[in-house]
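Input: a single structure, listed below in structure tokens.
The values are calculated or read from the model by the stated rules, or taken from the named source; none is laboratory data. Quick caveat: nothing in here was measured; it's all calculated off a predicted structure. Neighbour counts run over all protein chains shown; Cβ positions are idealised from the backbone, glycine included.
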Amino acid sequence: MAKNISFTIRYWKQNGPKDAGHFEERVMKDIPDDTSFLEMLDILNEQLINDGKEPFTFDHDCREGICGMCSLYINGTPHGKTERGATTCQLYMRRFKDGETITVEPWRSAAFPVIKDCMVDRSAFDKIQAAGGYTTIRTGQAQDANAILIPKEDADEAMDCATCIGCGACVAACKNGSAMLFVSSKVSQLALLPQGKPEAAKRAKAMVAKMDELGFGNCTNTRACEAVCPKNETIANIARLNRHFIKAKLAD
Amino acid sequence: MWLTKSSIGKKVVMSVTGIALILFLTFHAAMNVVALFSGDAYNEICELLGANWYAIVATMGLAALAVIHIVFAFLLTFENRKARGQSKYAVTARPEKVEWASQNMLVLGIIIFLGLLLHLFNFWYNMMFAEIVGTMGAYSPSDGFAWIQETFSNPVFVVLYVIWIVAIWFHLSHGFWSAIQTLGWSGKTWFCRWKIIGLVYVTLLMAAFLIVVLAFAFKCAPSLC
Ligand code: HEM
Ligand code: SF4
Ligand code: FES
């Protein structure tokens, strides 16, 4: 049985990247605790619109934890606190206490400028992907699935890396604004498979160069990223990227 | 040059200089432990490491490592502050997994640097430097054993050295596995192993330094009895 909770929501308003931004507050009354966090924000926006105020802007799309668009920094944790990690859209109000103040902020990182309120520009991730996160293959008839044998462990590991949805929580959590967990997951998902191996060195160099160019920080292995990743990516991926990158540079 | 331009390259420089400094500390700790048992044996090592050309070359190499490590530490920290951006979170929660030391490496490093200056003033200035310029303090430059006794008879120095040793322990409790991770010699299985190996190694290493300081502070080293 759902029970109702009341709380104060303190949310970030900011008019574009240059604006200083500020918090606004609203008391939310009798919200059923099986409401999702984003549904709760929909209710907030209904109320704001009814009051003739500007609604609160935030990113979202699939609302089922697979697209990586939702991005809110809730009570000091990217995507809010859940047991095994989940995206903001998979966070439910039962995680909060009656009477609590809930603070909602955007991803704060120089490489992710605010577009409006809590919606940030994460196109830097797309640029890193475009720099090398693919394989160059001849298109045409699909090959027989068994033509290339792939050990089960490698396939599983590659799949785990591929579950990174590019949400940017790792960057938001990192005191260095580093994108290494994202980049290493995207490099790993291809480098672990035979189809990705021929271009592994080139890919690692190109994606790291793009990451540096776009102003992401230097990883100092604090592990804040893996603690908040909704897809449980680990810094073993970062070690793998370091290994590939160093090997590639030494071979040059 | 990728070692100075790319983020991973800069980290490799940090890692390699850091590991070299750990190896130096290992040698230094082994040497100190000798002083626990015999003043004569210790002074013989001091004699060997006096103002000989090889000791001076090694000292200069060591200084270069330290300078590179410190310069890159400030460079990386500066770049990371910039990447983090101007706007600060109003509320932050540190996840359990995140070690305190890992987020305070620069602060710990600065404490280590200050300790290093004190240490150079206490020993190097009175020993190798005195021998090079030919001055003479209260004791002979190669009488390291006397300099140890002299330094740790002062409780202020004892307290400062203990703080220094604790700061190095914290720095390396993160630094050891971090250096290995940076070089890519880690993974799902080896991460935990390196972490434990690092903690055990660094704890033994810093315990060796601590015991020598305390043994001379409380005048209970076997070599004094
Ligand atoms: C006893 C002397 C020292 C030793 C043995 C030592 C060792 C290490 C090691 C092994 C690392 C890990 C490298 C990595 O993560 O790849 C490290 C990182 C670091 N050290 Fe030191 N260090 C010493 C002194 C200093 C000093 C004097 C400073 C600064 C004033 C400093 C600042 C830093 C910083 C900021 C990091 C983190 C950088 C990063 O991980 O990117 N260290 N150190
Ligand atoms: S590594 Fe995790 S936190 Fe980072 S972008 Fe991918 S899914 Fe999000
Ligand atoms: S909205 Fe798609 S992952 Fe949350």
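Go through the stretch A:1-14 and count every residue that is surrounded by 13 or more Cβ atoms within 10 Å (Cβ to Cβ) and either outside any strand (DSSP E or B) or touching a helix residue (DSSP H, G or I) at 6+ places or on another chain (Cβ under 8 Å) (or both). Looking only at that region, the number is 4.
Limited to the stretch A:241-252, what total is found for residues that are at the interface with chain B (Cβ under 7 Å from one of its Cβ atoms) and under 30 Å from A:L91 (Cβ atoms)?
0
Number of residues in the stretch A:79-118 that are part of a strand (DSSP E or B), among the aliphatic types (A, V, I, L, M) and within 13 Å of chain B (Cβ to nearest Cβ): the value is 3. Restricting attention to the stretch B:68-92 and to residues that are facing chain A (nearest Cβ under 7 Å), surrounded by 18 or more Cβ atoms within 10 Å (Cβ to Cβ) and among the aliphatic types (A, V, I, L, M), the residue that is nearest to A:D117 (Cα to Cα) turns out to be B:A83. A:A191 meets the stated requirement of being away from ligand 1 (no atom under 15 Å from the Cβ) and farther than 22 Å from A:R122 by Cα. Just to verify a result, which residue in the stretch A:19-59, among those that are away from chain B (no Cβ under 14 Å) and on the phi > 0 side of the Ramachandran plot, is farthest from ligand 2 (Cβ to nearest atom)? Applying the filter and picking the extreme gives A:G52.
For the stretch A:58-93, filtered to residues that are β-branched (V, I, T) and within 25 Å of A:K175 (Cα to Cα), the residue that is nearest to ligand 3 (Cβ to nearest atom) is A:T87.
Residue count for the stretch B:71-92 satisfying the condition of being of a type in the set (G, A, S) and either within 16 Å of ligand 2 (Cβ to nearest atom) or under 25 Å from the mean Cα position of the chain (by Cα) (or both): 2. Within the option set A:G215, A:G166, being part of a loop (DSSP other than H, G, I, E, B) and within 16 Å of ligand 3 (Cβ to nearest atom) holds for one residue only, A:G166.
Away from ligand 1 (no atom under 16 Å from the Cβ), outside the structural domain of A:C225 (by TED's automatic domain parsing) and without any contact (Cβ under 8 Å) to a residue 12 or more places away in the chain: does that describe A:D61? For A:D61, the condition - away from ligand 1 (no atom under 16 Å from the Cβ), outside the structural domain of A:C225 (by TED's automatic domain parsing) and without any contact (Cβ under 8 Å) to a residue 12 or more places away in the chain - is met.
From B:T203, B:T189, grab the single residue that is of a type outside the set (A, V, I, L, M, F, W, C), without any contact (Cβ under 8 Å) to a residue 40 or more places away in the chain, in a helix (DSSP H, G or I) and away from chain A (no Cβ under 14 Å).
After ruling out the rest, the residue left standing is B:T203.
Taken over the stretch A:21-48, the residue count meeting the criterion of being touching a residue at least 12 places away in the same chain (Cβ under 8 Å) and outside any strand (DSSP E or B) is 12.
Return yes when A:T163 is surrounded by fewer than 17 Cβ atoms within 10 Å (Cβ to Cβ) and within 14 Å of ligand 2 (Cβ to nearest atom) and no when it is not. Answer is yes for this residue.
Conditions tested, residue by residue: (1) surrounded by fewer than 14 Cβ atoms within 10 Å (Cβ to Cβ); (2) of a type in the set (F, W, Y); (3) within 16 Å of ligand 3 (Cβ to nearest atom); (4) under 21 Å from B:T59 (Cβ atoms).
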{"site": "B:E131", "(1), (2), (3), (4)": "no, no, no, yes"}
{"site": "B:F152", "(1), (2), (3), (4)": "no, yes, no, no"}
{"site": "B:P155", "(1), (2), (3), (4)": "yes, no, no, no"}
{"site": "B:I180", "(1), (2), (3), (4)": "no, no, no, no"}
{"site": "B:T189", "(1), (2), (3), (4)": "yes, no, no, no"}
{"site": "B:A207", "(1), (2), (3), (4)": "yes, no, no, no"}
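Against the definition (modelled with pLDDT of 95 or more, buried (at least 21 other Cβ atoms within 10 Å of the Cβ) and more than 16 Å from ligand 1 (Cβ to nearest atom)), how does A:A124 come out, yes or no? Judged against the criteria, A:A124 is a match. Note on the stretch B:140-175: residues that are hydroxyl-bearing (S, T, Y) and closer than 21 Å to B:F218 by Cα amount to 3.
Looking only at residues of the stretch A:60-85 that are surrounded by 17 or more Cβ atoms within 10 Å (Cβ to Cβ) and over 25 Å from A:F23 (Cβ atoms), we find that the one that is farthest from ligand 2 (Cβ to nearest atom) is A:G65.
One residue is enough: does the stretch B:139-146 have a residue meeting the conditions more than 16 Å from ligand 2 (Cβ to nearest atom), within 22 Å of the chain's Cα centre (by Cα) and away from chain A (no Cβ under 14 Å)? Yes: one or more hits.
When the residues of the stretch A:174-212 are narrowed to those that are in a loop (DSSP other than H, G, I, E, B), out of contact with any Gly (no Cβ under 9 Å at 6 or more places or on another chain) and surrounded by fewer than 24 Cβ atoms within 10 Å (Cβ to Cβ), which ends up farthest from the other protein chains (Cβ to nearest Cβ)? The residue in question is A:Q195. Can you work out which of the residues in the stretch A:123-132 that are within 15 Å of ligand 2 (Cβ to nearest atom) and within 14 Å of another protein chain (Cβ to nearest Cβ) is nearest to A:S36 (Cα to Cα)? It comes out as A:A124.
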